[in-house]
Amino acid sequence: MSAAGNSVLTPRRIEYLKFLLEREGPVTNAEIAARFSVDPSTCTKTVRLLVDAGLVEHAPYQGIGLSEQGRRCAEFLLRRHRLLSLAFSRLGVDPAIACEQATQCEAHIPRDVINTICAALGHPSCSTCGVIARDRACCSTEQE
């Protein structure tokens, strides 16, 4: 992600991208609005900003999905969340609270710090929140 991309990624927009990745296919504006308990017009504005940033594709009546750039970004965002949640959990934080706290702070943790955390945790493959994807820049094939 570029520095310009980082300014686009507010905590709510990060959650939208992770939601779209986990859904694995086009979703409707109404589904996103319901998931995040926001008015559909608010959702539309957020989706439009993500489209303008090149992270999301939206075809009327066909749904909203991730662009290729958005997929790569969302994969990193989900990996970052799961690694932070696991780190907090291993430090003794209750898993549910660890997940909440990861959501609260994740937007401020850069990739190089996440890769350091991943290495310190032994390049884990699973977190309290789910599977942790490997990052070729961090996790060598020797750990797999």
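A few points about this structure:
- Angle between the chain longest axis and helix 111-120 axis [Cα atoms, degrees, rounded to 10]: 40
- Spin-label proximity, GLN69 to the stretch 14-52 - amide N less than 15 Å from point 7 Å beyond Cα toward beta carbon: 48-52
- Prolate/oblate/rounded call for the stretch 99-144, Cα gyration tensor, a/c under 1.5 rounded: oblate
- Dimensions of the chain along the principal axes, based on C-alpha atoms and rounded to the nearest Å, stand at 44, 30, 25, largest first.
- Residues whose amide H falls under 5 Å from that of SER67, counting only those 5 or more places apart or on a different chain, are VAL56, GLU57, with hydrogens built in the peptide plane.
- Ellipsoid equivalent to the stretch 65-144 - semi-axes via the Cα gyration tensor, in Å: 19, 16, 11
- For the options PHE36, PHE76, PHE88, a Gaussian network treatment of the chain with springs between C-alpha atoms closer than 10 Å singles out PHE36 as fluctuating the most.
- With respect to the chain, whose longest principal axis is taken over its alpha-carbon atoms, helix 40-52 is tilted by about 70°.
We did not get these values from a lab; they are worked out from the coordinates using the rules stated. Every value quoted in this text rests on a predicted model; they were computed, and no experiment measured them. Quick reminder, even Gly has a Cβ in these numbers, built from the backbone with ideal geometry, and neighbours come from all protein chains shown.
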